[in-house]
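Participant: Questions regarding the structure given below will be posed in turn.
The numbers here are math on the coordinates, done by the rules we state, and not lab data. Computed from a prediction, not measured in an experiment: that's the story for all the values here. All Cβ positions, even for glycine, are placed from backbone atoms using ideal geometry, and neighbour counts span all protein chains on display.
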Amino acid sequence: MKLILKIAWRNIKRHKGKSFVIGAILFLGAFIMTLGNAVTSGMNRGLQENIANRFTGHILVISDKQETDNVLFTPMGKSVNVLPEYENIKKLLDEQKFIHQYLPAAKGFSMILTEEGDMDFSLLIGVEFEKYQKMFLNNVILVEGELLKNGQRGVLLSEDKREHLYDEQNIWIHPQKSGFDEKFLTEEAQKNKEKLILKDNIVFMGSGDENMALDIRSSVAGIVKYQFLNEFWQMFNIIDIESFRECFNYVTAQDKSVEISAEKTKILEFESEDLDSLFGEDVVKKPMDNNAKYKLDGADFKKKTEARPVEIDKGSYNLVFIKLKERFSIEESLKKLNELFKSKNAGVRAISWKSSIGQIGDMSSIIKGALFGFVMFIFFTAAIIIVNTLSMAAMERINEIGMMRAVGAQKSFISSMFYSETFFLSAFFGGLGIVSAAAVTLFLRFLEIEADNHMLQLLFGGEVFSPYLSFTDILICVLELVFVTIISAIYPAHVARKIAPLEAIARD
């Protein structure tokens, strides 16, 4: 083996020009592949950090009647199917050890109605906001007003939606409690502040395939924006879950809390055609005292419409956001959840966060696939050049190889010599390409390049360019180098094995 390596190294030095050409191609391919993997891995990590951890969770639970997995950016405002019996789903989720936390919610496409007769549109997310903030790492940032508390009615309008309403209808929305403050006006709105139509509430009308649309008037608690990937999430406005249910005609928690008296239940369940039997002598237990006096103020009077305490989870939802514990993979957790839901006939299924956001989630995979194809093209070209170069080198060394064969060198020895030369070049130049790409990756992370354009933010996986090189990425590059090296050396080694001792004598 030592002799083979010595001969291979000597031949590389004798053919420096050809060796450099082969090495340069291997260096370029390894460099591009390694840097490309670092960019796409950084993108994947950024998307998971800024989308899964701050907006969707790792897994979403949706109705098994839902036609498409893309439930957050549904085309044409198509509604999301309501989950059947959330309380049953909740029990199943509570039993799973791989779940870190989860949050039921509702998402829908609504219209915004105004007294001026114009119309706008809005994507609404109905949640208990304090739970939402806790789960998604305080991703919602307050611009003006105040944030919602659990149980509080109101809407958190995105900064972008407020500006859009001004641009289209000259309406300026401000929080109800804090009132109008002109310091929050945009530069254009400042010039037109005398003609502004000021509002502190919004009328939403729900839309959907399953339920009749209803309209509700919701007070504006605050104006907000999102800390990460605001360009994408700014179309979502957050409303309390009970208002959402009313808007989309879902079953509310208040509906479930209503107690029906025994007499009313008897009437509702009555099936006889003899309605007179309902009005027997025992119906009126006590005659009304017309002289009775009633107090309508103070502690003795209790409003008939006073709200009962409600269990918010008794109402309807159409999705559940789930975050997993760190050591559990999304793929395995999805498999376990779907097997569980199917065995329990829960009427729901689990999908990944990438599926829930449609093409945005596929972006990194598309870019990585395109990059992989480009680099494989480079490696394929490199393999052809290496094959031609080594084949020519084999033909130029007929005398040398023939003499080796004449003194007893086996065909396997000749093959090993060519493989060793190729591996020398691959290890040195390919390894140099991987190391160089790793150094460039660290340098780019150090620069902390920021992106304002939302497409660049998607490419970066966030607002800062943070390529990341994992051990798996490096291993993939090494395996590709090994593959190219073996493929490139097969034919030249075959050519060299066919050289016979007589050919060396004939040439002399």
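Participant: Under 5 Å between amide hydrogens, which residues at least 5 positions from PHE121 or on another chain qualify, with H placed 1.01 Å from N in the peptide plane?
Facilitator: For PHE121, the qualifying residues are ILE112.
Participant: While we're looking at this one, here's another question. Expressed as a whole number of Å, what is the distance separating the alpha-carbon centroids of the stretch 150-220 and the stretch 66-115?
Facilitator: If you average the Cα positions of each part, the centres end up 25 Å apart.
Participant: Let me ask something else. Just to confirm the filter: which GluC sites (Glu not before Pro) across the stretch 387-456 are DSSP coil and have at most 10 other Cβ within 10 angstrom of their Cβ?
Facilitator: Those that pass, being in a loop and sparsely packed, are GLU448.
Participant: Check each of the trypsin sites (Lys or Arg not before Pro) in the stretch 95-190 and keep only those in coil by DSSP with at most 11 other C-beta atoms within 10 angstrom; list them in order.
Facilitator: LYS97
Participant: Let me ask another. Give the long-range amide H neighbours of GLN101: residues separated by 5 or more places, or on another chain, with amide H under 5 Å away, using H modelled in the peptide plane at 1.01 Å from N.
Facilitator: Those qualifying (amide H under 5 Å, at least 5 residues apart or on another chain) are LYS323.
Participant: Which of the peptides 223-233, 48-58, 186-196 is most tightly packed, and how do the rest follow, going by the mean number of other Cβ atoms within 10 Å of each residue?
Facilitator: Per-residue Cβ counts within 10 Å, averaged per peptide and sorted highest first, yield 48-58, 223-233, 186-196.
Participant: In addition: What shape does the stretch 64-108 take by its C-alpha gyration tensor, where a ≥ b ≥ c are the square roots of the eigenvalues and a/c under 1.5 counts as rounded, a/b above b/c as prolate, and the rest as oblate?
Facilitator: Prolate.
Participant: If the limit is 24 Å between Cα atoms, which of LYS149/LYS314; LYS78/LYS177; LYS131/LYS336 go over it?
Facilitator: LYS78/LYS177; LYS131/LYS336
Participant: Report the full-extension gain for the segment PHE121 to GLN359: residue separation times 0.36 nm, less the Cα-Cα distance, to one decimal in nm.
Facilitator: Length difference between fully extended and current span is 83.5 nm.
Participant: For the stretch 421-429, what does the Karplus curve 6.51 cos²θ - 1.76 cosθ + 1.60, with θ = phi - 60°, yield as ³J(HN,Hα) per residue in whole Hz, taken in order and with x for Gly and Pro?
Facilitator: 4, 5, 5, 4, 5, 5, 5, 6, 6
Participant: If you don't mind, there's one more thing I want to ask. With charges only on Cβ, +1 for K and R and -1 for D and E, what is the dipole size of the stretch 52-114 about its Cα centre, in debye, rounded to 20?
Facilitator: 200
Participant: Taking the dipole about the Cα centre of the stretch 132-204, with the C-beta of Lys and Arg at +1 and of Asp and Glu at -1, give me whichever of GLY179, GLY154, VAL143 is farthest to the positive side.
Facilitator: Highest projection toward the positive end goes to GLY154.
Participant: Measuring from label point to label point, each 7 Å out along Cα→Cβ, what is the ASN170 to VAL407 span in nm?
Facilitator: 9.9
Participant: Tell me, what is the FRET efficiency for ILE366 and ASP313 to the nearest 0.05, using R0 = 30 angstrom and their Cβ-Cβ distance as r?
Facilitator: 0.20
Participant: Right, another one. To the nearest 0.05, what FRET efficiency results for GLN190 and MET392 with a Förster distance of 60 Å applied to their C-beta separation?
Facilitator: With a Förster radius of 60 Å, E is 0.20.
Participant: If you don't mind, there's one more thing I want to ask. Please state the charge dipole magnitude for the stretch 151-220, taken about the Cα centre, from unit charges on C-beta atoms (+1 on K and R, -1 on D and E), reported in debye and rounded to the nearest 20.
Facilitator: For this selection, approximately 380 debye.
Participant: Then there's this: Given R₀ = 30 Å, FRET efficiency for ILE384-THR472 by Cβ-Cβ distance, to 0.05?
Facilitator: Step by step, r from the Cβ atoms, then E = 0.60.
Participant: Something else: Given the Cα-Cα distance of GLU95 and LEU137 and 0.36 nm per residue of separation, how much length would full extension add, in nm?
Facilitator: Once the chain is fully extended between GLU95 and LEU137, it gains 12.7 nm.
Participant: A further question follows. Given axes a ≥ b ≥ c from the Cα gyration tensor, I'd like to know whether the stretch 121-222 is rounded (a/c under 1.5), prolate (a/b larger than b/c) or oblate.
Facilitator: Oblate, since a/c reaches 1.5 and b/c is not below a/b.
Participant: Can you work out the Karplus-derived ³J(HN,Hα) for every residue in the stretch 184-200? Use 6.51 cos²θ - 1.76 cosθ + 1.60 with θ = phi - 60°, whole Hz, and x for glycine or proline.
Facilitator: After applying 6.51 cos²θ - 1.76 cosθ + 1.60, I find 8, 5, 6, 4, 5, 5, 4, 5, 10, 5, 5, 9, 5, 9, 8, 9, 10 Hz.
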